[in-house]
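Structure, as structure tokens:
Rule-based calculations on the coordinates, nothing more; no lab input. Here the structure is a predicted model, which means the values were calculated and not measured. Cβ sites come from the backbone with ideal geometry, for glycine too, and all protein chains shown count toward neighbours.
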Amino acid sequence: MKAFAIGVFLGLSIFVSRVEAQKALDPFKKDNLFGRIKQITETDYKDKAKFEGSTGVDSLTKNVIKYDSAGNITERVYYSSGKDNQFQFNTRFVYQRKENTGDSIIMELYTNRKQADLYFDGTGNIIEFNFYADERAFRYKNKYKYDRKGHQAKDEEYDQKGDMVLVNEFKYNKAGFIKEQNSNMVNRNHIKTHYTYTAFDKAGNWIKRIKVPELDNGTLSQPFYTERKIVYYQ
């Protein structure tokens, strides 16, 4: 299997016409994406009324994710909370060939500098993420494992010493959307997060989601509401 080296994301049953799931390089994608997507704008709310009204104000965060025509992520723009969604940072993904690795590809993640190295397997799944505080100082590493259907099943985070500090495990519904996330911090609390999807577009992608964390004692925390606006290539 070729390795790609790259430098530098309980559904309702409804009837939708889903096209083939998009398969391309996007280190943040966990859910299936359907169709030829050009841009996704994800807005998180803590207020259910704002979410249901889709007003776009009083949101927690907003992310704008852009893709090229092949489905590879090219840019991710993050905005902070508040009515005005103030711009915070822009992450660019640059693809280039690496001279000494044959057909391998290198992709670099930039804010104002190169910030991370990512490694993908031959199917386009991310298998390792190395993050740097600056160009020389290593900060942490994530390793990823997948289920038989190619969904990201486990995300393990390691500190500077190489010790595991966090494990996230994911379960998916039939459409390939996350339905449950189990987060275990080593020697600390365990949190289970439940995902419910309430609206979908014509391609079959979810456009409204409710996320509810559950603590060790079974207590449900404040829900988080996410709305998506998706633009497709013609």
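Charge tally for D44 (other residues, Cβ to Cβ under 10 Å; Lys, Arg +1; Asp, Glu -1): +2.
Spacing of the modelled spin labels on A199 and Y232, each 7 Å from Cα toward Cβ, amounts to 1.8 nm. So which of K141/K202; K29/K192; K46/K174; K62/K143 end up more than 29 Å apart by C-alpha? Pairs exceeding 29 Å: K141/K202.
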